[in-house]
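The values are calculated or read from the model by the stated rules, or taken from the named source; none is laboratory data. These numbers come from a predicted model, not from an experiment. When we count neighbours, we look across all protein chains shown, and the Cβ atoms used for this are built from the backbone with ideal geometry, even at glycine.
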Amino acid sequence: MNRDAKTQSALIALARSRRMQRALSHAYLHRNAPMPTLRSSLSYMTQTACVTQDATAIAHRMTLLGIARNEGVAYVVEEIGANETPIVYRLWLRGPRQGYLVPMHSWYEHCDDASEIRAKIAALAPRLEMPVTTPHEAWMLSTRIVQRRALRLATGTACGDLPIRKFALQLAIEPVNGNGPSGKTTVTAFLRPQAQLVEAWVLPGGEAAIARVSFTGIPSGVGFDKETMVLLTQGLYGLDDPDAV
């Protein structure tokens, strides 16, 4: 007699019995709920919900201000509205934080005035070096959904029965010809996992580049675009020598 086979059969039967009990309990608890229709079951795949009734938000745009070779960083400005204070980032080109967009918190610790921040940006720009723009058609953007979630609106809204889709979207950029720097990052996208490569720059030395990517990152109204900067490298980026060309 094979006791292992009998034990396995008993465990399978027990699991099926417990699944049946859970199914019956769930059906009893929701016995008065309306039956789902085909339209509502397909809404997650075919529709998106509005987060606000009045879509007053605007897209967030990023601008590459320039690079500072001595610091090994690129300065990036994110515009979040005409009357809003822009956000200034450092994109690290080397070191342990290579590839990370880090906000310049020190600029905002004792200042919340948009005009003062813009004055600092205007004073910083002439001291930076602008890299060479490269045709974005020379680069290939591929996306991959790493994680997907559905967020529900509060009940009582016009679109309360529809989910808001949320994605962890991986962006991978590589040269079309297969030779050159490449890179990837992961962003949070809402409503639809779409992204577009907008612009690219080759950094001094040709061993690295920066790409600007737009994606649906603001879940307001029908969804507004947000942008990110992706550092493309092929090994260690040689910015140690500030006089290197």
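Some notes on this structure:
- Take the conditions (1) crowded, with 20+ Cβ neighbours inside 10 Å; (2) outside any strand (DSSP E or B); Gly206 misses just one of them, which is (1).
- Test: residue in region 91-99 that is without any contact (Cβ under 8 Å) to a residue 40 or more places away in the chain and within 16 Å of Ala122 (Cβ to Cβ): no
- Scanning region 188-203 for residues that are closer than 22 Å to Thr63 by Cβ and surrounded by fewer than 20 Cβ atoms within 10 Å (Cβ to Cβ), we see that the one that is modelled with the lowest pLDDT is Gln194.
- Restricting region 107-166 to residues that are in a strand (DSSP E or B) and in contact with a helix residue (DSSP H, G or I) (Cβ under 9 Å, 6 or more places away or on another chain), the residue that is modelled with the lowest pLDDT: Pro163
- Matching residues, region 85-124, being surrounded by 12 or more Cβ atoms within 10 Å (Cβ to Cβ) and of a type in the set (Ser, Thr, Tyr): Thr85, Tyr89, Tyr100, Tyr108
- Residue in region 65-84 that is surrounded by 18 or more Cβ atoms within 10 Å (Cβ to Cβ) and of a type in the set (Ser, Thr, Tyr) present: yes
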